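Undergrad: Right, I'll just put the structure down here and ask away after.
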Amino acid sequence: MTFAFDNAPVWLDLLGVFFFAVSGSLLAARKHIDIVGSLLLASLVGLGGGVIRDIILNTGPPAAFTTPAYLVPPVLATALVYFLFPYVQRYTSMLTLFDAGGLALFCMTGTIKALASGMNPVASVLLGVTTAVGGGLLRDVTANEVPELFNPKSIYAVPAFVGSAMTSALWVFGLFNVLTAAVVAAVVFAFRVLAWRRSWQAPLAVNGWQRRSSDPKP
Amino acid sequence: MTFAFDNAPVWLDLLGVFFFAVSGSLLAARKHIDIVGSLLLASLVGLGGGVIRDIILNTGPPAAFTTPAYLVPPVLATALVYFLFPYVQRYTSMLTLFDAGGLALFCMTGTIKALASGMNPVASVLLGVTTAVGGGLLRDVTANEVPELFNPKSIYAVPAFVGSAMTSALWVFGLFNVLTAAVVAAVVFAFRVLAWRRSWQAPLAVNGWQRRSSDPKP
Amino acid sequence: MTFAFDNAPVWLDLLGVFFFAVSGSLLAARKHIDIVGSLLLASLVGLGGGVIRDIILNTGPPAAFTTPAYLVPPVLATALVYFLFPYVQRYTSMLTLFDAGGLALFCMTGTIKALASGMNPVASVLLGVTTAVGGGLLRDVTANEVPELFNPKSIYAVPAFVGSAMTSALWVFGLFNVLTAAVVAAVVFAFRVLAWRRSWQAPLAVNGWQRRSSDPKP
């Protein structure tokens with residue numbers, strides 16, 4: 001066994017799909033949607049980012065459609081939420097934690113897949129960020145929520161950018177392996193969760209503007 | 001003439017486009033949108049699912065862009081709704097009926113196109129469902145409606161899944177032809193319309209949860 | 001130097017990206033979103049239409065991902081809005097003007113790219129319109145606004161259609177060059193701005209219907 005990653009291993013991608021899928025099913029449970037909707041939201045958020053990534057890479061049909069294994073995580077997530085939600089629903093942070101796990105893994109797999117298929121390092125960072133935030137954006141737009149991505153009371157895209165940039169740099173210098181990948185995932189996860197917990201905020205879009213009391217609460 | 005389908009015939013795809021396009025123009029009429037918006041919604045819902053399908057199959061530009069005939073159904077649907085809506089507007093079920101017709105045909109053409117281009121039967125079912133529900137999802141998200149797909153008081157994706165699974169099984173066993181195709185379309189259409197008429201409901205996303213009186217009425 | 005365009009020049013595409021990106025950042029400023037959201041909206045509206053175009057053309061990964069220069073306009077737009085918005089915010093028409101500039105350039109570059117890659121003239125017009133309206137539609141759907149495209153009190157898609165049709169006709173007859181391109185851009189820009197200023201309205205989707213006082217004000 002080697003520790004070097006030439007490409008994103010399938011199990012890492014599937015783990016990211018599972019984390020995102022759980023966040024989709026948790027949102028369905030909260031919104032009192034039925035179990036079919038739960039499976040659809042789990043699939044959309046779990047597979048959406050990767051499908052966008054593979055369509056942009058343009059190297060054949062997306063992995064989610066050619067590899068039946070990709071259908072397992074959404075089904076598993078829907079079943080877990082169906083049976084276990086009553087026991088865990090008081091832990092309201094769970095949706096954000098699973099979403100952060102998906103974000104941490106997807107910014108890596110998106111960047112690595114892009115680099116492995118010959119994209120330049122800058123474009124690979126862009127595709128990594130797109131992969132990581134794409135599924136969650138589809139989830140929120142479809143479920144008619146304000147996208148977490150544009151929530152001014154929290155930071156969502158910056159951790160994905162940091163993770164993609166770290167991944168791209170490590171890969172270019174030949175240092176991307178199981179150990180450094182674990183470090184990148186931990187950094188992205190911790191950054192996102194801390195930003196959410198402590199309501200870290202980026203400056204507003206206009207120099208000198210202050211947040212108003214009428215803005216939504218964090 | 002042979003009754004066997006090796007691939008989805010263009011006329012079947014065009015008929016599905018027409019059904020979906022009418023549902024788009026009817027929504028535009030109900031929402032008091034102008035005629036340009038009516039044509040755009042008709043095109044989006046009629047062509048959207050097929051464009052997503054062809055992009056995922058990755059076998060060249062989508063048929064809707066390379067075959068000018070695909071532009072006829074949205075124009076026709078917009079014109080029909082423009083002239084005939086005052087005479088039929090009391091039949092409020094019409095939008096759902098045309099939408100069900102599109103659903104019945106698109107889950108078949110999506111599955112067959114995927115099988116004919118070499119996808120495995122499981123992935124073909126997934127693409128069939130995506131094709132069938134894709135256009136309607138785009139219509140509802142764009143027109144800022146709660147997607148019918150996530151309406152917990154009705155069943156929308158399950159008939160498409162049943163139709164795609166039947167199509168895939170018939171094709172694998174070499175039994176897919178004009179007659180069995182008509183049976184599949186009739187089953188999907190009847191299933192969807194009955195589910196809507198009688199408000200069949202799937203279980204909620206969480207085991208043991210009941211519908212609440214505060215949930216939207218069917 | 002020749003005045004003939006065989007394909008859409010990159011600088012013309014980049015200029016269109018910049019105009020649309022400014023409209024995205026201006027919307028972020030108005031909605032009191034943070035600077036990360038401003039950059040994301042600028043990228044989505046600036047690059048979205050072109051990415052959809054390149055995915056449909058299916059000629060390899062989209063230019064926005066392979067050419068790092070495409071990342072400059074969104075960054076520039078975000079920075080300009082960040083520093084200059086306080087001085088220009090009373091000119092509330094600015095968002096519409098920049099959006100109209102993007103529309104004028106994108107309907108041309110979309111049509112030309114389609115023609116240059118071998119699409120037929122009718123399909124090229126369709127792709128030109130899709131390119132021109134795609135980014136703005138993504139912007140409005142993501143930011144949870146009613147899409148300008150479906151605003152019955154204004155005309156948005158028709159100028160893009162006129163521009164695409166003019167471009168396609170000029171290209172087919174070998175008359176598309178720097179001078180005629182400038183004329184097309186001016187026509188589309190003037191048409192869109194006049195339609196907005198004077199609230200030109202298309203007929204409603206149903207023959208004989210009148211606008212109601214309950215419809216949104218122009």
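The values are calculated or read from the model by the stated rules, or taken from the named source; none is laboratory data. The structure displayed is predicted, hence computed values, not measured ones. Cβ sites come from the backbone with ideal geometry, for glycine too, and all protein chains shown count toward neighbours.
Undergrad: Being surrounded by fewer than 22 Cβ atoms within 10 Å (Cβ to Cβ) and either facing chain A (nearest Cβ under 8 Å) or touching a residue at least 12 places away in the same chain (Cβ under 8 Å) (or both) is the filter here, so list the residues in region C:64-81 that pass it.
TA: C:THR66, C:THR67, C:PRO68, C:ALA69, C:LEU71, C:VAL72, C:VAL75, C:LEU76, C:LEU80
Undergrad: Let me ask you something else. Would you mind stating whether A:VAL178 is more than 14 Å from A:PHE150 (Cα to Cα), more than 12 Å from chain C (Cβ to nearest Cβ), modelled with pLDDT under 90 and surrounded by 13 or more Cβ atoms within 10 Å (Cβ to Cβ)?
TA: Yes.
Undergrad: Of all residues in region A:170-185 being touching a residue at least 24 places away in the same chain (Cβ under 8 Å) and part of a helix (DSSP H, G or I), which is farthest from A:GLY110 (Cα to Cα)?
TA: Only one residue tops the list, namely A:LEU179.
Undergrad: Out of the helices (runs of 4 or more DSSP H) lying entirely within region B:1-101, which hold 2 or more residues that are touching a Pro at 6+ places or on another chain (Cβ under 9 Å) and within 28 Å of B:GLY163 (Cα to Cα)?
TA: Ranges flagged: B:10-30, B:35-57.
Undergrad: Further question on the same structure: Of the residues C:SER25, C:SER43, only one is crowded, with 24+ Cβ neighbours inside 10 Å and either within 8 Å of chain A (Cβ to nearest Cβ) or on the phi > 0 side of the Ramachandran plot (or both); which?
TA: C:SER25 is the lone residue from the list that is crowded, with 24+ Cβ neighbours inside 10 Å and either within 8 Å of chain A (Cβ to nearest Cβ) or on the phi > 0 side of the Ramachandran plot (or both).
Undergrad: Residue check, A:ARG30 against (1) crowded, with 24+ Cβ neighbours inside 10 Å; (2) farther than 21 Å from A:ILE112 by Cβ, all met but one. Which one?
TA: Against the list (1) crowded, with 24+ Cβ neighbours inside 10 Å; (2) farther than 21 Å from A:ILE112 by Cβ, A:ARG30 comes up short only on (1).
Undergrad: Then there's this: Name the residues in region B:21-45 that are under 17 Å from B:THR109 (Cβ atoms) and either among the acidic types (Asp, Glu) or in contact with an Asp or Glu (Cβ under 7 Å, 6 or more places away or on another chain) (or both), would you?
TA: B:SER23
Undergrad: Still on this model: Those residues that are in a loop (DSSP other than H, G, I, E, B), touching a Phe, Trp or Tyr at 6+ places or on another chain (Cβ under 8 Å) and under 11 Å from B:ALA195 (Cβ atoms), I need them from region B:139-162; list them, please.
TA: Matches in region B:139-162: B:SER154, B:ILE155.
Undergrad: Further question on the same structure: Could we say that A:ALA123 is within 8 Å of chain C (Cβ to nearest Cβ), touching a helix residue (DSSP H, G or I) at 6+ places or on another chain (Cβ under 6 Å) and either in a helix (DSSP H, G or I) or hydroxyl-bearing (Ser, Thr, Tyr) (or both) here?
TA: Yes, satisfied.
Undergrad: So which of C:LEU57, C:LEU103 ends up being modelled with pLDDT of 90 or more and within 14 Å of chain A (Cβ to nearest Cβ)?
TA: C:LEU57
Undergrad: In region C:142-166, which residue that is β-branched (Val, Ile, Thr) and over 15 Å from B:GLY37 (Cα atoms) is nearest to the other protein chains (Cβ to nearest Cβ)?
TA: The extreme case among them is C:THR142.
Undergrad: Go through the residues of region B:193-206 one by one and say whether even a single one is in contact (Cβ under 8 Å) with a residue 60 or more places away in the chain, assigned to a loop (DSSP other than H, G, I, E, B), away from chain A (no Cβ under 11 Å) and more than 19 Å from B:ASP13 (Cα to Cα).
TA: no
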